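One structure below.
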Amino acid sequence: MTTTIGVFSVGFDRYWPQFAGLRDRLERYREDFEAGLKRLGVEVVSAGLVDSVSAARRAGELLAARQVDLVFGDVTTYVPSAVVLPVMQIAKAPLVLVGLQPTPGMDTATATTVDQLEHDNSTSLPEIVYALGRAGLPPLDVVFGMLHDDARAWTRIAEWTQAAQAAHRLRRARMGFLGHAFEGMLDMNADPTMFSAELGMAVEMIEMCDLKKCVDQVTAEQITGMEERIREFFCFPLPGADAIAGPVTPEGLRWSARVAVGLEHLMSDFSLDGLAYYYRGLNHNDYQEIVAGMIVGNSLLTARGIPVAGEGDLKNCVAMMVMHELGAGGSFAELHPAHLLDNYVFVGHDGPGHVAISGEKPALRGLALYHGKFGQGVSVEFKVKNGPVTILGVSVGAAGHLKFVVAEGESIPGAIPATGNTNTRVRFAPDVATFIENWSLAGPTHHFALGVGHKLSCIQKVAKLLGIDVEVVSRSHL
(Lines give C-alpha, C1' and ligand atoms only; values in the text may rest on other atoms or scores of the structure.)
Protein backbone atom coordinates (compact mmCIF):
# COMPACT_ATOMS: atom_id res chain seq x y z
CA MET A 1 0.00 0.00 0.00
CA THR A 2 1.20 3.50 -0.79
CA THR A 3 0.91 6.49 1.52
CA THR A 4 -2.44 8.22 1.03
CA ILE A 5 -3.16 11.79 2.08
CA GLY A 6 -6.78 12.72 2.65
CA VAL A 7 -7.96 16.26 2.08
CA PHE A 8 -11.22 18.11 2.51
CA SER A 9 -11.97 21.79 2.18
CA VAL A 10 -14.65 23.52 4.21
CA GLY A 11 -17.08 26.32 3.40
CA PHE A 12 -20.38 27.62 4.78
CA ASP A 13 -23.52 26.71 2.82
CA ARG A 14 -25.35 29.85 4.00
CA TYR A 15 -22.95 31.98 1.96
CA TRP A 16 -23.79 30.44 -1.44
CA PRO A 17 -27.24 32.04 -1.98
CA GLN A 18 -25.99 35.29 -0.49
CA PHE A 19 -22.89 35.73 -2.69
CA ALA A 20 -23.09 34.50 -6.25
CA GLY A 21 -19.86 32.94 -7.51
CA LEU A 22 -18.21 32.67 -4.08
CA ARG A 23 -18.44 28.87 -3.97
CA ASP A 24 -16.88 28.59 -7.44
CA ARG A 25 -13.94 30.75 -6.37
CA LEU A 26 -13.40 28.71 -3.21
CA GLU A 27 -13.57 25.53 -5.28
CA ARG A 28 -10.72 26.88 -7.42
CA TYR A 29 -8.67 27.52 -4.29
CA ARG A 30 -9.43 23.97 -3.17
CA GLU A 31 -8.22 22.62 -6.51
CA ASP A 32 -5.03 24.69 -6.24
CA PHE A 33 -4.34 23.33 -2.76
CA GLU A 34 -4.88 19.72 -3.86
CA ALA A 35 -2.63 20.27 -6.87
CA GLY A 36 0.06 21.51 -4.50
CA LEU A 37 -0.25 18.33 -2.44
CA LYS A 38 0.02 16.14 -5.53
CA ARG A 39 3.22 17.91 -6.53
CA LEU A 40 4.72 16.60 -3.29
CA GLY A 41 4.53 13.09 -4.74
CA VAL A 42 1.79 11.59 -2.59
CA GLU A 43 -1.51 9.96 -3.46
CA VAL A 44 -4.32 12.39 -2.64
CA VAL A 45 -7.82 11.29 -1.66
CA SER A 46 -10.14 14.27 -1.99
CA ALA A 47 -13.45 14.54 -0.15
CA GLY A 48 -14.20 17.80 -1.95
CA LEU A 49 -15.75 20.93 -0.48
CA VAL A 50 -17.63 20.23 2.75
CA ASP A 51 -20.25 22.85 3.68
CA SER A 52 -22.76 21.08 5.96
CA VAL A 53 -22.96 18.44 8.65
CA SER A 54 -24.39 15.86 6.25
CA ALA A 55 -21.59 16.58 3.75
CA ALA A 56 -19.08 16.27 6.60
CA ARG A 57 -20.33 12.80 7.44
CA ARG A 58 -20.04 11.69 3.82
CA ALA A 59 -16.50 13.07 3.69
CA GLY A 60 -15.53 11.22 6.87
CA GLU A 61 -16.90 7.96 5.49
CA LEU A 62 -14.88 8.35 2.29
CA LEU A 63 -11.64 9.06 4.15
CA ALA A 64 -12.27 6.19 6.56
CA ALA A 65 -12.95 3.78 3.69
CA ARG A 66 -9.65 4.74 2.04
CA GLN A 67 -7.73 4.38 5.33
CA VAL A 68 -5.78 7.57 4.74
CA ASP A 69 -2.54 8.08 6.67
CA LEU A 70 -3.02 11.81 7.25
CA VAL A 71 -5.76 14.37 6.59
CA PHE A 72 -5.38 18.02 5.64
CA GLY A 73 -8.40 20.11 6.54
CA ASP A 74 -8.35 23.12 4.21
CA VAL A 75 -10.25 26.08 5.68
CA THR A 76 -11.16 28.25 2.69
CA THR A 77 -13.43 30.67 4.57
CA TYR A 78 -15.25 30.91 7.88
CA VAL A 79 -17.11 27.72 8.72
CA PRO A 80 -18.87 26.58 11.91
CA SER A 81 -16.86 23.93 13.72
CA ALA A 82 -19.85 21.57 13.54
CA VAL A 83 -19.04 21.18 9.83
CA VAL A 84 -15.53 19.93 10.61
CA LEU A 85 -15.90 17.73 13.68
CA PRO A 86 -17.96 14.91 12.06
CA VAL A 87 -15.32 14.46 9.36
CA MET A 88 -12.65 13.61 11.89
CA GLN A 89 -14.90 11.62 14.19
CA ILE A 90 -15.64 9.26 11.34
CA ALA A 91 -12.33 9.37 9.45
CA LYS A 92 -10.30 8.38 12.53
CA ALA A 93 -7.07 9.72 11.08
CA PRO A 94 -4.61 12.40 12.23
CA LEU A 95 -5.42 15.94 11.07
CA VAL A 96 -3.41 18.99 10.08
CA LEU A 97 -5.54 22.13 9.78
CA VAL A 98 -4.58 24.52 7.01
CA GLY A 99 -5.72 28.09 6.39
CA LEU A 100 -4.13 29.58 3.28
CA GLN A 101 -5.18 33.01 2.05
CA PRO A 102 -5.41 33.52 -1.72
CA THR A 103 -3.35 36.75 -1.50
CA PRO A 104 -1.06 38.31 1.13
CA GLY A 105 -3.88 40.64 2.14
CA MET A 106 -6.96 42.53 0.96
CA ASP A 107 -6.80 45.95 -0.66
CA THR A 108 -8.73 47.86 1.99
CA ALA A 109 -9.64 50.62 -0.45
CA THR A 110 -11.59 48.25 -2.69
CA ALA A 111 -12.40 45.35 -0.32
CA THR A 112 -15.92 43.96 -0.32
CA THR A 113 -17.62 41.43 1.91
CA VAL A 114 -16.82 38.77 -0.68
CA ASP A 115 -13.13 39.71 -0.51
CA GLN A 116 -13.26 39.36 3.25
CA LEU A 117 -14.92 35.95 3.05
CA GLU A 118 -12.26 34.79 0.60
CA HIS A 119 -9.60 35.84 3.10
CA ASP A 120 -11.35 34.50 6.22
CA ASN A 121 -8.96 31.52 6.36
CA SER A 122 -7.98 32.20 9.97
CA THR A 123 -11.34 33.11 11.47
CA SER A 124 -12.60 29.68 12.48
CA LEU A 125 -9.25 28.00 13.14
CA PRO A 126 -9.44 28.59 16.93
CA GLU A 127 -13.07 27.44 16.99
CA ILE A 128 -12.28 24.26 15.09
CA VAL A 129 -9.31 23.43 17.34
CA TYR A 130 -11.50 23.99 20.40
CA ALA A 131 -14.23 21.65 19.15
CA LEU A 132 -11.76 18.96 18.13
CA GLY A 133 -10.02 19.22 21.49
CA ARG A 134 -13.30 18.80 23.36
CA ALA A 135 -13.89 15.64 21.33
CA GLY A 136 -10.43 14.27 22.16
CA LEU A 137 -9.32 14.75 18.54
CA PRO A 138 -6.87 17.68 18.64
CA PRO A 139 -5.14 18.42 15.34
CA LEU A 140 -1.45 17.64 15.06
CA ASP A 141 -0.72 21.09 13.70
CA VAL A 142 -2.18 24.29 12.30
CA VAL A 143 -0.54 25.84 9.24
CA PHE A 144 -1.50 29.40 8.28
CA GLY A 145 -0.16 31.43 5.38
CA MET A 146 -0.69 31.93 1.67
CA LEU A 147 -1.95 29.50 -0.92
CA HIS A 148 0.77 30.46 -3.42
CA ASP A 149 4.43 31.42 -3.10
CA ASP A 150 4.66 30.77 0.63
CA ALA A 151 7.79 28.72 1.35
CA ARG A 152 7.17 28.73 5.10
CA ALA A 153 3.71 27.21 4.87
CA TRP A 154 4.43 24.77 2.09
CA THR A 155 7.65 23.55 3.70
CA ARG A 156 5.65 22.55 6.77
CA ILE A 157 3.01 20.89 4.61
CA ALA A 158 5.73 18.99 2.74
CA GLU A 159 7.29 17.89 6.03
CA TRP A 160 3.95 16.49 7.15
CA THR A 161 3.64 14.45 3.96
CA GLN A 162 7.20 13.14 4.43
CA ALA A 163 6.43 12.28 8.02
CA ALA A 164 3.27 10.47 6.95
CA GLN A 165 5.29 8.43 4.46
CA ALA A 166 7.81 7.46 7.16
CA ALA A 167 5.07 6.53 9.63
CA HIS A 168 3.21 4.58 6.93
CA ARG A 169 6.28 2.50 6.14
CA LEU A 170 7.05 1.80 9.79
CA ARG A 171 3.51 0.71 10.57
CA ARG A 172 3.58 -1.79 7.73
CA ALA A 173 7.24 -2.86 7.95
CA ARG A 174 8.45 -6.42 8.36
CA MET A 175 11.76 -6.26 10.20
CA GLY A 176 13.94 -9.32 10.41
CA PHE A 177 15.85 -10.18 13.57
CA LEU A 178 18.77 -12.52 12.94
CA GLY A 179 20.74 -14.04 15.79
CA HIS A 180 20.81 -12.05 19.01
CA ALA A 181 21.96 -8.76 20.50
CA PHE A 182 25.69 -8.24 21.06
CA GLU A 183 26.74 -9.91 24.31
CA GLY A 184 26.67 -7.52 27.25
CA MET A 185 25.28 -4.50 25.39
CA LEU A 186 22.28 -3.98 27.63
CA ASP A 187 20.98 -1.10 25.51
CA MET A 188 20.65 -3.44 22.52
CA ASN A 189 18.11 -5.72 24.18
CA ALA A 190 14.59 -5.13 22.87
CA ASP A 191 11.13 -6.60 23.19
CA PRO A 192 9.77 -7.38 19.71
CA THR A 193 6.19 -7.10 21.00
CA MET A 194 6.88 -3.45 21.91
CA PHE A 195 7.59 -2.63 18.27
CA SER A 196 4.38 -4.28 17.13
CA ALA A 197 2.33 -2.62 19.87
CA GLU A 198 3.74 0.91 19.55
CA LEU A 199 4.56 1.10 15.84
CA GLY A 200 2.47 -1.61 14.21
CA MET A 201 5.47 -3.22 12.52
CA ALA A 202 6.03 -6.96 12.46
CA VAL A 203 9.25 -8.59 13.67
CA GLU A 204 10.20 -11.77 11.82
CA MET A 205 12.64 -14.10 13.58
CA ILE A 206 15.33 -15.28 11.17
CA GLU A 207 17.66 -18.22 11.78
CA MET A 208 21.23 -18.49 10.54
CA CYS A 209 20.20 -21.62 8.65
CA ASP A 210 17.72 -19.46 6.70
CA LEU A 211 20.56 -17.24 5.55
CA LYS A 212 22.93 -20.16 4.92
CA LYS A 213 20.33 -21.75 2.67
CA CYS A 214 20.16 -18.55 0.61
CA VAL A 215 23.96 -18.26 0.42
CA ASP A 216 24.35 -21.92 -0.58
CA GLN A 217 21.94 -21.48 -3.49
CA VAL A 218 23.86 -18.58 -5.07
CA THR A 219 25.19 -19.42 -8.54
CA ALA A 220 28.60 -18.62 -10.00
CA GLU A 221 26.95 -16.31 -12.51
CA GLN A 222 25.23 -14.37 -9.73
CA ILE A 223 28.51 -14.01 -7.84
CA THR A 224 30.25 -12.63 -10.91
CA GLY A 225 27.44 -10.14 -11.48
CA MET A 226 27.59 -8.96 -7.88
CA GLU A 227 31.38 -8.61 -8.04
CA GLU A 228 30.95 -6.29 -11.02
CA ARG A 229 28.40 -4.21 -9.08
CA ILE A 230 30.75 -3.97 -6.11
CA ARG A 231 33.74 -2.94 -8.23
CA GLU A 232 31.65 -0.24 -9.87
CA PHE A 233 30.26 1.11 -6.59
CA PHE A 234 33.38 0.99 -4.37
CA CYS A 235 37.03 1.95 -4.65
CA PHE A 236 39.94 -0.12 -3.35
CA PRO A 237 42.53 2.20 -1.73
CA LEU A 238 46.09 1.37 -0.73
CA PRO A 239 46.62 0.40 2.92
CA GLY A 240 47.04 3.19 5.46
CA ALA A 241 48.62 3.33 8.90
CA ASP A 242 46.52 0.56 10.44
CA ALA A 243 48.15 -2.86 10.00
CA ILE A 244 44.75 -4.50 10.52
CA ALA A 245 43.32 -2.85 7.38
CA GLY A 246 44.92 -4.26 4.26
CA PRO A 247 43.92 -4.78 0.64
CA VAL A 248 40.84 -6.75 -0.37
CA THR A 249 41.82 -10.18 -1.59
CA PRO A 250 40.09 -11.79 -4.59
CA GLU A 251 38.83 -14.54 -2.28
CA GLY A 252 37.46 -11.98 0.20
CA LEU A 253 35.69 -10.04 -2.55
CA ARG A 254 34.16 -13.18 -4.02
CA TRP A 255 32.87 -14.34 -0.64
CA SER A 256 31.38 -10.91 0.10
CA ALA A 257 29.69 -10.98 -3.32
CA ARG A 258 28.25 -14.44 -2.65
CA VAL A 259 26.87 -13.40 0.74
CA ALA A 260 25.49 -10.17 -0.75
CA VAL A 261 23.45 -12.14 -3.27
CA GLY A 262 22.30 -14.49 -0.52
CA LEU A 263 21.16 -11.51 1.56
CA GLU A 264 19.06 -10.21 -1.33
CA HIS A 265 17.43 -13.63 -1.60
CA LEU A 266 16.79 -13.66 2.16
CA MET A 267 15.09 -10.26 2.02
CA SER A 268 12.92 -11.42 -0.86
CA ASP A 269 12.06 -14.83 0.63
CA PHE A 270 10.85 -13.30 3.90
CA SER A 271 9.50 -10.03 2.40
CA LEU A 272 11.70 -8.04 4.77
CA ASP A 273 11.89 -4.23 4.85
CA GLY A 274 14.90 -4.22 7.18
CA LEU A 275 17.15 -6.45 9.27
CA ALA A 276 18.90 -6.32 12.63
CA TYR A 277 21.59 -8.96 13.00
CA TYR A 278 24.46 -10.26 15.08
CA TYR A 279 25.86 -13.76 15.44
CA ARG A 280 29.04 -14.62 17.30
CA GLY A 281 29.91 -17.84 15.54
CA LEU A 282 32.58 -20.34 16.59
CA ASN A 283 36.00 -21.42 15.26
CA HIS A 284 35.41 -20.16 11.72
CA ASN A 285 32.37 -22.37 11.26
CA ASP A 286 29.99 -21.71 8.37
CA TYR A 287 27.78 -19.31 10.30
CA GLN A 288 30.71 -17.22 11.50
CA GLU A 289 32.09 -17.01 7.97
CA ILE A 290 28.71 -15.91 6.61
CA VAL A 291 28.31 -13.17 9.25
CA ALA A 292 31.86 -12.00 8.60
CA GLY A 293 31.01 -11.60 4.91
CA MET A 294 27.81 -9.59 5.34
CA ILE A 295 29.15 -6.03 5.53
CA VAL A 296 29.29 -5.22 1.81
CA GLY A 297 25.87 -6.70 1.04
CA ASN A 298 24.32 -5.00 4.04
CA SER A 299 25.70 -1.65 2.94
CA LEU A 300 24.25 -2.07 -0.54
CA LEU A 301 20.86 -2.99 0.92
CA THR A 302 20.91 0.00 3.28
CA ALA A 303 21.69 2.33 0.38
CA ARG A 304 18.52 1.04 -1.33
CA GLY A 305 16.38 1.91 1.68
CA ILE A 306 16.42 -1.55 3.28
CA PRO A 307 18.19 -0.71 6.56
CA VAL A 308 20.49 -3.30 8.08
CA ALA A 309 21.59 -2.67 11.66
CA GLY A 310 24.49 -4.53 13.21
CA GLU A 311 24.97 -5.85 16.75
CA GLY A 312 21.31 -6.88 16.89
CA ASP A 313 20.09 -3.30 17.28
CA LEU A 314 16.44 -3.46 16.25
CA LYS A 315 15.80 0.03 17.66
CA ASN A 316 18.43 1.52 15.38
CA CYS A 317 16.98 -0.31 12.42
CA VAL A 318 13.82 1.74 13.06
CA ALA A 319 15.87 4.95 13.28
CA MET A 320 17.62 4.16 9.99
CA MET A 321 14.30 3.52 8.26
CA VAL A 322 12.85 6.82 9.49
CA MET A 323 15.88 8.78 8.30
CA HIS A 324 15.86 7.09 4.90
CA GLU A 325 12.16 7.81 4.41
CA LEU A 326 12.83 11.48 5.21
CA GLY A 327 15.40 11.59 2.42
CA ALA A 328 18.34 11.80 4.83
CA GLY A 329 19.90 8.38 4.33
CA GLY A 330 20.34 7.01 7.82
CA SER A 331 23.71 5.33 8.37
CA PHE A 332 24.44 3.00 11.29
CA ALA A 333 26.60 5.06 13.65
CA GLU A 334 27.87 5.81 17.15
CA LEU A 335 30.16 8.35 18.78
CA HIS A 336 33.85 7.80 18.05
CA PRO A 337 36.86 9.77 19.38
CA ALA A 338 36.47 13.54 19.73
CA HIS A 339 38.95 16.32 19.01
CA LEU A 340 38.48 18.76 21.85
CA LEU A 341 40.67 21.52 20.42
CA ASP A 342 39.14 21.46 16.93
CA ASN A 343 35.65 20.95 18.42
CA TYR A 344 34.36 17.91 16.54
CA VAL A 345 33.63 14.26 17.16
CA PHE A 346 34.08 11.38 14.74
CA VAL A 347 30.74 9.71 14.07
CA GLY A 348 30.64 6.29 12.46
CA HIS A 349 30.84 2.53 13.03
CA ASP A 350 32.45 -0.62 11.81
CA GLY A 351 30.31 -2.71 9.51
CA PRO A 352 27.52 -1.61 7.18
CA GLY A 353 26.64 2.01 6.45
CA HIS A 354 24.38 4.04 4.17
CA VAL A 355 26.89 4.36 1.36
CA ALA A 356 24.45 6.39 -0.77
CA ILE A 357 25.13 9.46 1.41
CA SER A 358 28.91 9.20 1.16
CA GLY A 359 30.71 12.38 0.18
CA GLU A 360 33.02 10.43 -2.10
CA LYS A 361 33.28 6.95 -3.57
CA PRO A 362 33.11 4.55 -0.60
CA ALA A 363 36.10 2.30 -0.05
CA LEU A 364 36.55 -1.38 0.73
CA ARG A 365 39.35 -2.69 2.92
CA GLY A 366 40.27 -6.19 3.98
CA LEU A 367 40.35 -6.43 7.76
CA ALA A 368 42.50 -9.06 9.44
CA LEU A 369 40.07 -8.99 12.36
CA TYR A 370 36.85 -7.27 13.42
CA HIS A 371 37.67 -5.55 16.70
CA GLY A 372 35.57 -6.89 19.55
CA LYS A 373 33.97 -9.46 17.27
CA PHE A 374 34.95 -12.71 15.62
CA GLY A 375 36.10 -13.43 12.11
CA GLN A 376 37.67 -11.30 9.39
CA GLY A 377 36.74 -10.05 5.96
CA VAL A 378 35.88 -7.07 3.78
CA SER A 379 34.69 -3.87 5.44
CA VAL A 380 33.31 -0.53 4.23
CA GLU A 381 34.93 2.86 4.82
CA PHE A 382 33.45 6.25 3.96
CA LYS A 383 32.42 9.63 5.35
CA VAL A 384 29.11 11.37 4.71
CA LYS A 385 28.75 14.51 2.65
CA ASN A 386 29.84 17.80 4.19
CA GLY A 387 27.04 20.06 5.35
CA PRO A 388 24.09 19.81 7.71
CA VAL A 389 23.46 16.43 9.35
CA THR A 390 21.04 14.95 11.88
CA ILE A 391 21.41 12.01 14.22
CA LEU A 392 18.37 10.07 15.42
CA GLY A 393 18.44 7.60 18.27
CA VAL A 394 15.53 5.34 19.22
CA SER A 395 15.55 4.49 22.89
CA VAL A 396 13.31 2.98 25.56
CA GLY A 397 12.59 4.88 28.76
CA ALA A 398 12.13 3.51 32.26
CA ALA A 399 8.38 3.21 31.64
CA GLY A 400 9.10 0.86 28.75
CA HIS A 401 8.00 3.11 25.87
CA LEU A 402 9.92 4.11 22.77
CA LYS A 403 11.29 7.62 22.43
CA PHE A 404 13.30 9.54 19.84
CA VAL A 405 16.53 11.36 20.76
CA VAL A 406 17.63 13.90 18.13
CA ALA A 407 20.50 16.28 17.45
CA GLU A 408 21.37 18.45 14.46
CA GLY A 409 24.96 19.23 13.56
CA GLU A 410 27.34 19.81 10.67
CA SER A 411 29.60 17.40 8.83
CA ILE A 412 32.89 19.23 8.32
CA PRO A 413 35.79 18.56 5.92
CA GLY A 414 38.75 16.54 7.05
CA ALA A 415 40.49 13.20 6.73
CA ILE A 416 39.28 10.05 8.46
CA PRO A 417 41.35 7.10 9.74
CA ALA A 418 42.09 4.35 7.20
CA THR A 419 40.65 1.63 9.44
CA GLY A 420 37.94 0.17 7.24
CA ASN A 421 35.23 1.86 9.31
CA THR A 422 32.81 4.66 8.50
CA ASN A 423 33.80 7.96 10.11
CA THR A 424 32.67 11.54 9.70
CA ARG A 425 33.82 14.67 11.49
CA VAL A 426 30.71 16.24 13.01
CA ARG A 427 30.38 19.47 14.96
CA PHE A 428 27.48 19.96 17.37
CA ALA A 429 26.36 22.99 19.37
CA PRO A 430 27.31 24.38 21.79
CA ASP A 431 30.66 22.51 21.82
CA VAL A 432 31.74 18.92 21.48
CA ALA A 433 32.26 18.23 25.20
CA THR A 434 28.90 19.69 26.25
CA PHE A 435 27.14 17.92 23.42
CA ILE A 436 28.52 14.50 24.37
CA GLU A 437 27.47 15.09 27.98
CA ASN A 438 23.95 16.17 27.01
CA TRP A 439 23.53 13.38 24.46
CA SER A 440 24.55 10.77 27.03
CA LEU A 441 22.21 12.21 29.66
CA ALA A 442 19.28 11.94 27.24
CA GLY A 443 19.53 8.15 27.59
CA PRO A 444 19.76 7.00 23.97
CA THR A 445 21.24 3.69 22.96
CA HIS A 446 24.87 4.10 21.97
CA HIS A 447 23.87 3.58 18.33
CA PHE A 448 21.96 6.06 16.19
CA ALA A 449 21.18 6.81 12.55
CA LEU A 450 23.30 9.51 10.90
CA GLY A 451 21.63 11.33 8.01
CA VAL A 452 22.23 14.33 5.80
CA GLY A 453 20.24 17.54 6.20
CA HIS A 454 18.61 19.10 9.23
CA LYS A 455 15.61 16.87 9.87
CA LEU A 456 14.53 17.73 13.42
CA SER A 457 11.27 19.31 12.32
CA CYS A 458 10.35 16.29 10.19
CA ILE A 459 11.33 13.83 12.94
CA GLN A 460 9.11 15.67 15.42
CA LYS A 461 6.23 15.28 13.01
CA VAL A 462 6.89 11.54 12.59
CA ALA A 463 6.90 11.23 16.38
CA LYS A 464 3.54 13.02 16.63
CA LEU A 465 2.03 10.66 14.08
CA LEU A 466 3.36 7.65 15.98
CA GLY A 467 2.62 8.99 19.47
CA ILE A 468 6.30 8.85 20.50
CA ASP A 469 8.10 11.32 22.77
CA VAL A 470 11.06 13.31 21.39
CA GLU A 471 14.06 14.67 23.29
CA VAL A 472 16.07 17.31 21.44
CA VAL A 473 19.72 17.48 22.48
CA SER A 474 21.14 19.99 19.99
CA ARG A 475 19.51 21.93 17.20
CA SER A 476 20.90 23.90 14.30
CA HIS A 477 20.96 27.67 14.54
CA LEU A 478 21.58 28.12 10.80
Sorting K361, K92 on solvent-accessible surface, 1.4 Å probe, most exposed first, gives K92, K361
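What fraction of the DSSP beta bridges in the chain is antiparallel, stated in percent and rounded to the nearest 5?
Working: 39 of 79 bridges.
Roughly 50 percent of the beta bridges in the chain run antiparallel, per DSSP.
Pulled fully out, how much extra length does the chain show between K38 and R229, if you take 0.36 nm times their separation in residues and subtract their Cα-Cα distance?
Details: separation 191, 0.36 × 191 = 68.76 nm, distance 3.51 nm.
Gain in length upon complete extension: 65.2 nm.
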Ranked highest first by the average count of other Cβ atoms within 10 Å around their residues, in what order do 442-449, 429-436 fall?
442-449, 429-436
Charge dipole of the stretch 46-140 about the Cα centre (unit charges at C-beta), most positive-ward option of A47, N121, Y78:
A47
With the cut-off at 1.5 for a/c, could you classify the stretch 304-460 from its C-alpha gyration tensor as rounded, prolate or oblate?
rounded
Taking a probe of 1.4 Å, how large is the accessible area per residue of the stretch 350-478, in Å²?
37 Å²
Unit charges at the beta carbon, dipole of the stretch 246-381: most positive-side option, G327, I306, N285:
N285
Between the Cα axis of helix 220-233 and the main Cα principal axis of the chain, the angle (0 to 90°, nearest 10) is 70 degrees
Give me the angle, in degrees from 0 to 90, between the Cα long axis of helix 151-171 and the longest principal axis of the Cα atoms of the chain, rounded to the nearest 10.
60 degrees
Amide H contacts under 5 Å for G359, restricted to residues at least 5 apart in sequence or on another chain and with H modeled in the peptide plane, are K383, V384, K385
If packing is taken as the mean number of other Cβ atoms within 10 Å per residue, what is the order of 187-194, 15-22, highest first?
187-194, 15-22
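For T155 and L186, FRET efficiency with R0 = 45 Å and r from the beta-carbon atoms, rounded to 0.05?
Working: r = 40 Å, r/R0 = 0.88.
That gives a FRET efficiency of 0.70.
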Please get the size of the charge dipole for the stretch 27-69, origin at its Cα centre, with Cβ charges of +1 on Lys and Arg and -1 on Asp and Glu, quoted in debye to the nearest 20.
40 debye
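In deg cm²/dmol and to the nearest 500, what is the mean residue ellipticity at 222 nm of the chain if only DSSP H runs of at least 4 residues count, each as -39500 (n - 2.57), divided by the residue total?
Numbers: 16 runs with 178 residues, N = 478.
Result for the chain: -11500 deg cm²/dmol, rounded to the nearest 500.
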With the charge dipole of the chain built from beta-carbon charges (+1 for Lys and Arg, -1 for Asp and Glu) about the Cα centre, the Cα from A433, N421, L199 projecting farthest to the positive end belongs to L199
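Only Cα pairs under 8 Å and at least 6 apart count here; give the relative contact order of the stretch 330-382 as a rounded whole percent.
Working: 73 pairs, mean separation 15.5, N = 53.
The value is 29 percent.
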Expressed as a whole-number percentage, the relative contact order of the stretch 371-462 with C-alpha contacts under 8 angstrom and at least six residues apart is 37 percent
Return a whole-number percent for the relative contact order of the chain, with Cα pairs under 8 Å and 6 or more residues apart as the contact set.
12 percent
For Rg and Dmax of the Cα atoms in Å, the choices are (i) 23.1, 71; (ii) 38.6, 142; (iii) 25.7, 87; which was calculated from the structure?
(iii)
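Starting from the Cα-Cα distance between T113 and R304, subtract it from 0.36 nm times their residue separation and give me the gain in nm to one decimal.
Numbers: separation 191, 0.36 × 191 = 68.76 nm, distance 5.43 nm.
Using 0.36 nm per residue and subtracting the Cα-Cα distance, I get 63.3 nm.
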Computed ³J(HN,Hα) along the stretch 260-269: with the Karplus parameters 6.51/-1.76/1.60, θ = phi - 60°, integer Hz and x for glycine or proline, the list is 4, 5, x, 5, 4, 5, 4, 4, 5, 4
Given a Förster radius of 45 Å and the C-beta distance between A220 and R475 as r, what FRET efficiency does 1/(1 + (r/R0)^6) yield to the nearest 0.05?
0.30
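What net charge is computed for the residues neighbouring V42, neighbours being all others with C-beta under 12 Å from the C-beta of V42, Lys and Arg scored +1, Asp and Glu -1? It would help to have the intermediate numbers written out before the result.
Numbers: positive: K38, R39; negative: E34, E43, D69.
After counting each charged neighbour, the total is -1.
For a quick protection proxy, order the peptides 145-158, 306-319, 367-380 by their average other-Cβ count within 10 Å, most packed first.
On the way: 145-158: 16.8, 306-319: 27.7, 367-380: 18.5.
Result, highest mean Cβ count within 10 Å first: 306-319, 367-380, 145-158.
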Between the Cα axis of helix 22-38 and the main Cα principal axis of the chain, the angle (0 to 90°, nearest 10) is 0 degrees
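So how strong a dipole does the chain carry about its Cα centre when Lys and Arg Cβ are +1 and Asp and Glu Cβ are -1, to the nearest 20 debye? Walk me through the intermediate numbers first.
Values: 39 positive and 53 negative charges, 60 e Å.
Dipole of the chain, to the nearest 20 debye: 280 debye.
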For G353, list long-range residues whose amide hydrogen, built 1.01 Å from N in the peptide plane, is under 5 Å from its own amide hydrogen.
S299
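The values are calculated or read from the model by the stated rules, or taken from the named source; none is laboratory data. Not measured: the values here are computed from a predicted model. Because the Cβ atoms are built from the backbone with ideal geometry, glycine has one as well, and the counts that use them run over all protein chains shown. Note: accessible area is taken over every heavy atom of the protein model, side chains too, but ligands, DNA and RNA are not part of it. Shrake-Rupley method; radii C 1.70, N 1.55, O 1.52, S 1.80 Å.
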